[in-house]
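Note sheet for the following structure.
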Amino acid sequence: MIVFSARGWIFPILALLLALAAALVWAGHRGAVERRIRIGCALLKLAGVLTLALCLLEPTQVGQRARPGANMFALMVDDSQSLRVKDAGQTESRGDLLRRQLTNDPGGWQAAMEESFQVRRYTFDSHVQDVRDFGGLSFDGNATALEHALHTATERWHGQPVAGVLLFSDGNATDASADVAALENCPPVYPVVLGSETGVRDIALDKVAVSQTAFEDAPVTVQAEVTAHGFAGSDVSARLIEVTAGASNLVAQENKPARDDESALSFRFQIHPDKPGLHFYEVETRAREEVGGAASESREATLANNRQIVAVDRGQEPFRVLYIGGRPNWEFKFLNRAIGDDPQVHMVSIIRIAKREPKFKFIGRSGESSNPLFSGFGTTDDETARYDQPVLTRYNVKDEFELRGGFPKTAEELFPYHAVIVGDMESEFFTHDQMVLLQRFVSERGGGFLMMGGAESFRQGNYAGTVIGSLLPVYLDRPAAAKLPSQWKLKLTREGWLQPWTRLRSTESEEKDRLSAMPTLDVLNTVREVKPGASVLATVTDEDNNSHPALAVQHFGLGRTAAMLVGDLFHWGMHDEESQKDLAKSWRQLVRWLVSDVPARVAVTAQTAADGDPAKVRLVVKVRDEEYKPLDNAGVQLTIRKVSASQGAATNDLHLTADASPSQPGTYERDYIATEGACTVEAVVTQSDGKIIGRSSAGWASDPAAEEFRSLKPNRAYLESLAKRTGGEVLTLDGLRDFVRRLPQRHAPVMEPWSKPLWQEPAVYLFALGCFVAEWGIRRWKGLP
């Protein structure tokens, strides 16, 4: 900006300019040639006089600049292994080129920066380190924790005047996120992009995801996303290998062609682990002709990004399901037989074989108070054999005391189960307190609840307006208009087709054929409609194509509920042997869905550390009491084991103690420096008296090299986003000298004013003198007076 100090000369200068303008007009009255010459000379003289006149106003250029030596500027250099990659046509790696640039300082840009700023130098991989110079760069870090490094450095600089950060990296951060708050208060970042975006030949595992469903044929799906650069026309192979202590077994292999130089391939494996517990699988990808070959013979730039280990948790103990039935019917027979074939589910049952009877209605021998139905069976249980109590039988109980008093009356009795199934039992069987307890079981404990159709279920069982009725995903206030009796045909809805656990075949056409071959059904509990938020997964239609809900589900609090409105599914199982297998499979998948997300009393998980350090794993243990409320003052012992296919069974166990979380009740935490490979952790929780509350196991796999080499192309888009989020800009190595030259003029925490008197500059007077000499020379040359 230019300001004028001697403003008193403005009016005399204006008068002089008017006089010169008049002379210029007068010169225009001569001949055409002479007029042009005189006008040109007048303009030269006017420029010289105007320049001198402006000097009388004392023009001064003013501005702001960073005060020399008052501000800090950070140089942060990526010291990770990803910079060992050589770009196409280069004899040196990216790291070697960078080290030479930083140590030799071509152009002297570092020296120029130190004239105006206090320069601080750092290197980072998984941690940040202060260095005096960059001669010790080794590029052997196993992670590029870029955002963690910036966050850590920002905390160190708190309260200090930091003008910016010059960041040297390829942008392939192993902790990248889109969270703007993660870099809050960070000074402007000026990334220098390292590496070429073309010419690198490599096959990389971009992402491996694991999902588990209640679909019996393929409960675990491993999805691998692979990127192939420079392998056009070649086949890419992906293999799934199970890793156990001392062994590794090939589970599946798939090949797909890379059609161009930038091919994105997706591989999907569906597996069925034969045992519960933790399983580890390694996904490996290579060019098909290189599978099993030596690393030295590979055409890829690196093989560090070709493998990844994932953990699959199939649960430790069988899920426990409580079935309560109003009569020993065919539906229970087929359900009990189906669940008995599932090693991961254990169903305990209470079957009522006789309703309660008033004592005066039946009188036996004189003085006899027990029900004669039990006569001849030895010692009777007065709790279940009295006239005024229903006659109940128990199946699959763990001991003689389980469910001895009938349906549970306390949370300590009910909450150990994962799901409750009510089959053909009227609402009067339950007391109000038991109904409230069942509601708490679903909403607070997170359990599953299923009501099956029958003559005494839903509206026919007087559940309308009850606490249990509020759990259901359907309205029971009034019946729907339906043609009864009728022959009902089962169909899946659109939402039902999207749920793997409702299907029994692997393809849509096979599933449609199965549904069309199913026999018609006779028993249906019709309802008016489903509740808001509920989903209808299956319907039945009559001869007139009128549709009614057959299977409806919804979330309720922390749990989930389902209504099976068909009451004679056993007819399906009696059709033929294959239908019987399908019915059993359908029951198993429905029950697995009920219990799949039910929390346990003790649950341990491996999470990312709170400070974002990729080298750490935070082990979190959640503990609940008998009513599944957070439990404090518990002892939590952790045992960590490493699983290796080459080293055999682990022997060097690491024992740690988890500490109570200061902010979350019932939560215990412990940070652990992760080692490369697959690891398991077992949490043993005890009460203050030493009694064991429960155990839980979890697994994780740490492969820093795979994360580090996930992509060999510089991530320019991420660095541009980082610069935008912090107020910086993306630079190149060749542009550093020019950037440093302009750097003092950018905004900094500590600025100072500066001024430059233009009227004292010799160039100004030389310009005015040049105008006068040129005007005089032209006049002499043309012979003008």
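The values are calculated or read from the model by the stated rules, or taken from the named source; none is laboratory data. All values derive from a computational prediction rather than experimental measurement. Backbone-built Cβ (ideal geometry, glycine too); neighbour counts: all protein chains shown. Note: areas computed on protein heavy atoms with side chains; ligands, DNA, RNA excluded. Shrake-Rupley method; radii C 1.70, N 1.55, O 1.52, S 1.80 Å.
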Solvent-free Debye scattering, log10 I(q)/I(0), computed from the Cα coordinates of segment 404-444 at q = 0.32 Å⁻¹: -1.41
Relative contact order (%) - criterion: Cα under 8 Å, at least six apart; region: the chain: 17
Rounded to whole Hz, the Karplus (6.51, -1.76, 1.60) HN-Hα couplings of segment 678-688, x for glycine and proline: 8, 9, 10, 10, 10, 9, 10, 10, 10, 7, 5
Ser234 long-range amide H proximity, modeled H, under 5 Å: Ala258
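Tell me, Kirkwood radius of segment 216-271 from alpha-carbon pair distances, in Å? Present the calculation step by step, with values, prior to reporting the outcome.
Working: mean 1/r = 0.0792 Å⁻¹.
Averaging 1/r across every pair of different Cα atoms and inverting gives 12.6 Å.
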Interatomic Cα distance distribution for segment 203-359, bins of 5 angstrom, percent: 2, 8, 14, 15, 12, 10, 8, 7, 5, 5, 4, 3, 2, 2, 1, 1, 0, 0
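What FRET efficiency comes out for the pair Asp274/Lys629, r = Cβ-Cβ distance, R0 = 41 Å, nearest 0.05? Walk me through the intermediate numbers first.
Details: r = 36 Å, r/R0 = 0.89.
So, using R0 = 41 Å, E works out to roughly 0.65.
Using helices alone, I'd like the mean residue ellipticity at 222 nm for the chain: each DSSP H run of four-plus residues gives -39500 (n - 2.57), total over residue count, nearest 500.
-7500 deg cm²/dmol, from helical runs alone.
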Alpha-carbon centroid distance for the pair segment 433-492 / segment 96-119, whole angstrom: 75
Charge tally in the Cβ shell below 15 Å around Glu676, where Lys, Arg are +1 and Asp, Glu are -1, Glu676 excluded: -2
Helix 577-595 axis, angle to the chain major axis (alpha carbon atoms, nearest 10°): 60
Extent along principal axes [Cα atoms of segment 242-324; Å; largest to smallest]: 62, 31, 17
Solvent accessible area, Å² - Phe319, 1.4 Å probe, full protein context: 50
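Quick check: from the Cα gyration tensor, does segment 515-621 come out rounded (a/c under 1.5), prolate or oblate? Don't skip to the answer; put the middle values down first.
On the way: a/c = 3.56, a/b = 2.18, b/c = 1.63.
Prolate.
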Nonlocal amide H pairs with Asp206, under 5 Å, H built at 1.01 Å: Glu225, Val226, Thr227
Global form of segment 125-213, assessed from the alpha-carbon gyration tensor, a/c cut-off 1.5: oblate
Cα centroid separation, segment 73-94 to segment 266-315 (Å): 28
Projected label distance in nm at Glu761 and Ile39, using a 7 Å step from Cα toward the beta-carbon: 3.0
Cα gyration tensor shape for segment 603-737, rounded if a/c is under 1.5, else prolate or oblate: oblate
In Hz, Karplus ³J(HN,Hα) per residue of segment 745-757 (6.51, -1.76, 1.60; θ = phi - 60°; x = Gly, Pro): 7, 6, 5, 9, x, 10, 10, 9, x, 9, 9, 9, x
Karplus-derived 3J(HN,Hα), 6.51/-1.76/1.60, for each residue of segment 308-324, Hz, glycine and proline x: 7, 9, 10, 9, 10, 9, 9, x, 9, 10, x, 5, 9, 10, 9, 10, 10
log10 of Debye I(q)/I(0), alpha-carbon scatterers only, for the chain at 0.06, 0.08, 0.09 Å⁻¹: -0.62, -0.88, -1.01
Value of relative contact order over segment 565-640, rounded to a whole percent, pairs C-alpha under 8 Å and six or more apart: 17
